[in-house]
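K.L.:
The structure's right below; bear with me while I get my questions together.
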Amino acid sequence: MRVFACSFLALALPAFAQVFGCACDSARPETLAARECGLCKEGDKQPAAPAIFFLKDINPRKPNRLLALPRAHGKGPHSLAEMTPAARAELWTAAIEKAKSLWGAQWGVALNGDEVRTQCHMHLHIGKLIEDLETARFVVVDGPAGIPVPPDGSGMWVHPEGNKLHVHLDEQITETVLIR
Ligand SMILES: [Zn+2]
Ligand SMILES: [Zn+2]
Ligand SMILES: [Zn+2]
């Protein structure tokens with residue numbers, strides 16, 4: 001029944017909202033058949049540890065992109081808000097370390113908002129920040145543990161500024177700040 005509900009809703013809702021209807025449950029692999037649950041299946045192929053794993057973006061038009069994902073599943077569409085503060089900090093820390101190792105000071109990490117996510121499994125986009133994108137809506141934090149949780153399911157992007165981090169908030173499509 002659940003897999004039916006998942007794919008039915010994917011058809012019934014506009015394409016940009018497809019993860020909202022997702023009621024998948026990793027304990028029942030048959031519920032992960034929908035396309036928007038593809039990253040859940042990738043998670044289950046990984047060893048139980050480490051807690052964070054990385055995948056190349058499957059889109060061949062985004063050859064410079066990597067994804068950082070928690071090994072653990074959330075319920076239906078995963079959200080940052082339902083993760084524990086420790087799990088969130090672990091995800092951001094791992095993503096930022098990987099981004100730094102690939103792109104030096106030019107790294108960026110982006111979380112798309114719920115309205116535009118096409119995969120239900122929590123994932124952060126890692127890449128090289130496009131230059132000169134600075135916008136007015138950001139907060140400055142000391143490190144990954146200080147990155148806020150958007151209360152409304154909106155997205156955000158993070159980049160270094162000196163020895164602090166800029167967290168740009170209140171956006172939906174954010175991965176476009178990274179080179180493809
Ligand atoms: Zn799903
Ligand atoms: Zn999942
Ligand atoms: Zn900034």
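K.L.:
Which whole-number percent gives the relative contact order of the chain, counting Cα pairs below 8 Å spaced six or more residues apart?
P.N.:
Numbers: 369 pairs, mean separation 39.6, N = 180.
Relative contact order comes out at 22 percent.
K.L.:
Hydropathy first: keep DSSP H helices in the chain averaging at least 1.0 on Kyte-Doolittle, then drop any whose Cα extent along the axis falls short of 20 Å, and list what survives.
P.N.:
none
K.L.:
So, how do all the Cα-to-Cα distances of the range 112-151 break down into 5 Å bins, in percent, from 0 on up?
P.N.:
Each 5 Å bin holds this share of Cα pairs: 5, 13, 17, 29, 25, 10, 0.
K.L.:
If Lys and Arg each add +1 and Asp and Glu each add -1, what is the summed charge of the other residues whose beta carbon sits under 10 Å from the beta carbon of Ala110? Write down the numbers at each step before the final one.
P.N.:
Values: positive: Arg65; negative: Glu171, Glu175.
Counting the neighbours of Ala110, the net charge comes to -1.
K.L.:
Let me ask something else. Which of Ile126, Ile52, Ile58 comes first, and how do the rest follow, when ranked by fewest Cβ neighbours within 10 Å?
P.N.:
Ile58, Ile52, Ile126
K.L.:
Tell me what the chain gives for mean residue ellipticity at 222 nm when only DSSP H runs of n ≥ 4 count, each as -39,500 (n - 2.57), the sum divided by the residue total, rounded to 500 deg cm²/dmol. Let's see the in-between values first.
P.N.:
On the way: 3 runs with 38 residues, N = 180.
Result for the chain, helices only: -6500 deg cm²/dmol.
K.L.:
Picking from Leu129, Leu91, Phe53, whose Cα lies most toward the positive end of the charge dipole for the chain (charges on Cβ: Lys, Arg +1; Asp, Glu -1)?
P.N.:
Result: Phe53.
K.L.:
If you wrap a convex hull around the alpha carbons of the range 36-177, what volume per residue comes out, as a whole number of Å³?
P.N.:
On the way: hull volume 15.3 nm³, N = 142.
So the per-residue hull volume is 108 Å³.
K.L.:
Just to check I understand the Karplus step: with θ = phi - 60° and J = 6.51 cos²θ - 1.76 cosθ + 1.60, what whole-Hz values come out for the range 67-75, glycine and proline as x?
P.N.:
For the range 67-75, the Karplus curve yields 10, 10, 9, x, 5, 6, 8, x, 8 Hz.
Values in this text are rule-based calculations from the coordinates and carry no lab data. Everything numeric here is computed off the predicted structure, so don't read it as measured data. Glycine also receives a Cβ, built like all others from the backbone with ideal geometry; neighbour counts cover every protein chain displayed.
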